[in-house]
1. Which numbered condition in (1) at the interface with another protein chain (Cβ under 8 Å from one of its Cβ atoms); (2) in contact with a Gly (Cβ under 8 Å, 6 or more places away or on another chain); (3) in contact (Cβ under 8 Å) with a residue 12 or more places away in the chain is the only one that A:LYS154 fails?
2. With the checklist (1) farther than 27 Å from B:PHE157 by Cα; (2) without any contact (Cβ under 8 Å) to a residue 40 or more places away in the chain; (3) part of a helix (DSSP H, G or I) in hand, flag the one item B:ILE262 doesn't pass.
3. So which of B:GLU267, B:GLU294 ends up being closer than 18 Å to B:TYR193 by Cβ, without any contact (Cβ under 8 Å) to a residue 60 or more places away in the chain, assigned to a helix (DSSP H, G or I) and open to solvent by 20 Å² or more (accessible area, probe 1.4 Å)?
4. From the list B:ARG248, B:ARG230, exactly one residue is without any contact (Cβ under 8 Å) to a residue 24 or more places away in the chain, buried (at least 16 other Cβ atoms within 10 Å of the Cβ) and more than 28 Å from A:VAL171 (Cβ to Cβ). Which is it?
5. Can you pull out every residue in segment A:167-186 that is facing another protein chain (nearest Cβ under 9 Å) and either among the acidic types (Asp, Glu) or in contact with a helix residue (DSSP H, G or I) (Cβ under 6 Å, 6 or more places away or on another chain) (or both)?
6. Among the residues of segment B:156-165, is any more than 26 Å from B:GLU287 (Cα to Cα) and open to solvent by 10 Å² or more (accessible area, probe 1.4 Å)?
7. Which of the residues belonging to segment B:115-145 are surrounded by fewer than 16 Cβ atoms within 10 Å (Cβ to Cβ) and either in contact (Cβ under 8 Å) with a residue 24 or more places away in the chain or part of a loop (DSSP other than H, G, I, E, B) (or both)?
8. Any idea which of (1) surrounded by 20 or more Cβ atoms within 10 Å (Cβ to Cβ); (2) part of a helix (DSSP H, G or I) is the one B:TYR193 doesn't satisfy?
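The values are calculated or read from the model by the stated rules, or taken from the named source; none is laboratory data. Keep in mind that this is a model prediction, so the values were computed, not measured. Every residue, glycine among them, receives a Cβ derived from its backbone with ideal geometry; neighbour counts consider all protein chains shown. Protein only, heavy atoms only, side chains kept; ligands, DNA and RNA dropped before computing areas. Shrake-Rupley method; radii C 1.70, N 1.55, O 1.52, S 1.80 Å.
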Amino acid sequence: MIKSKAKPLEEIKEMLKGYKRVLNTGCGGCASVCLAGGMKEVDGLNTKLSVSFKGDGVRFKVDGFTVERQCEMEFLAELDQMVEHYDAILSMACGAGVQFLAERYPDKPVFPAVNTAFIGVNRDLGWYEERCKSCGDCVLGITGGICPVAMCAKGLFNGPCGGPQDGHCEVDKDIPCAWVNIYERLKAQGRLNNIYKLYTAREWEDQIQGRIVLEAYKSRYVEDVK
Amino acid sequence: MKSGSNLEKILAEGKFAVTGELGPPRGANAGTIKDKAQHLKGMVDSVNITDNQTAVVRMSSMAASTLLVKEGMEPNYQMVCRDRNRIAMQSDILGAYALGIRNMLCLSGDHQLFGDHPKSRKVFDIDSIQLVSMVKKMRDEGKFLNGEEIADPPRMFIGAAANPFGEPYEFRVHRLAKKIEAGADFIQTQCIYNMERFREWIKQANDMGLTEKVYILAGVTPMKALGMARYMQKNVPGMDVPDWVIKRLQGVEKKKQAGEGIAICCEQIEEFREMKGVAGVHLMAIEWEHRVPEIVEKAGLLPRPTV
């Protein structure tokens, strides 16, 4: 899922400067799962903002509402009746959610309350790790289920650079070397031939805004499809 | 001849090659290159010009290489994958050749987090092995990476790096094999201190027939002082400095440590000259260019052959 992280309170306050009534919108999807922007986090942030602005002697009112998912218009529709009562909207969803929200309410300033970090996994409660760069051309079948694009600091395709130490990336001792792991896994599976072969320069697919329209739905969205 | 460079000719004639290294300055003064180059003139067959090494901004390696050409010396133009995409790389390769550069060393590059602009955006559009194969395609097929014809193809002598001490050790010789398959003509290794492991690696390369397909230049860096040895042992990724090196430097008084470092280096070179599969040495006297004449003299590598 998408993992995100709260922005510093001061940065959020700076964005909200001058707005008296703000609607803080949570997201019940990924943001909620990674404890960055669900109902609980909306309440927590609102309390912090209220207390902080009050301490500054600034008149400020913030309310919260969490929708099922901000990346779906039908869930955003729940906000339609509320939005008019506020000068600005704060969103605790990922960057996709923030943009969809801004698209639905083009007259309202919409501000992000979190930084979208990566597509990752829950290693444990409150511990997330990146796994995917959504590069659009998956090589996991060759690399033993370990992604060199997301997990290698240099995104190498033909084996490790000269730097791994004790199985760790030369850049950060807390990060395992993707290629040491790829090697070990393929070796254990008897599939080392996969990486003895040259992997030629790839054609990067993530060049422009991604868009997928499923074949079965094409006729619904594209006029000239027969 | 693939490129007709001095380095290629010396290696092709089976002579023991010596390459040096010169780091461009953190400034725009051409004189700095000239001054450093004087120490290397006649001492080495080709001089590696590093490309923003350790991800620290320096004068461009192509510009510095060109300045070396003007000095009548032969550069080995280093190019890393960190800062350029395939468009910029191919463009630079055309330009470099037009400016008289004939050797290239293709590298991934130190990660930007080590450097002076740690939050810069990395590129790594292609990796070092893919770069080798691209330079070969440009030379041998006269085509760009996309398959289109090049009007006047650049004919580079293609180098790549190898680190026999990197993990996983068993994979290292296979990575060498991949670089050769991609088109590397010569290999310059990481600085060698752990001779035992290097002997093992070169034996594997010999056994796999790799040393018949590529010229391997063993990398050496003389220790200037005990502090440097300790630093390299602990802090430089991919560097394997065994304790015996530290002990030898500890065994002499401080002002004799540099001499001891050079002595160790010369002993290594002596062994490399006799080692099957080693075609030369790559002498990386980091910010110590002025000691190169002394080192090559002591190692018995002078005079350099003219071909």
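1. Of (1) at the interface with another protein chain (Cβ under 8 Å from one of its Cβ atoms); (2) in contact with a Gly (Cβ under 8 Å, 6 or more places away or on another chain); (3) in contact (Cβ under 8 Å) with a residue 12 or more places away in the chain, only one is false for A:LYS154: (3).
2. (2)
3. Answer to the check: B:GLU267.
4. Going through B:ARG248, B:ARG230 in turn, just one is without any contact (Cβ under 8 Å) to a residue 24 or more places away in the chain, buried (at least 16 other Cβ atoms within 10 Å of the Cβ) and more than 28 Å from A:VAL171 (Cβ to Cβ): B:ARG248.
5. A:GLY167, A:GLU170, A:VAL171, A:ASP172, A:TYR183, A:GLU184
6. No, because not a single residue in segment B:156-165 is more than 26 Å from B:GLU287 (Cα to Cα) and open to solvent by 10 Å² or more (accessible area, probe 1.4 Å).
7. Of segment B:115-145, the ones surrounded by fewer than 16 Cβ atoms within 10 Å (Cβ to Cβ) are B:116-121, B:140-143.
Listed by number, the residues that qualify are B:ASP116, B:HIS117, B:PRO118, B:LYS119, B:SER120, B:ARG121, B:ASP140, B:GLY142.
8. Unmet condition: (2).
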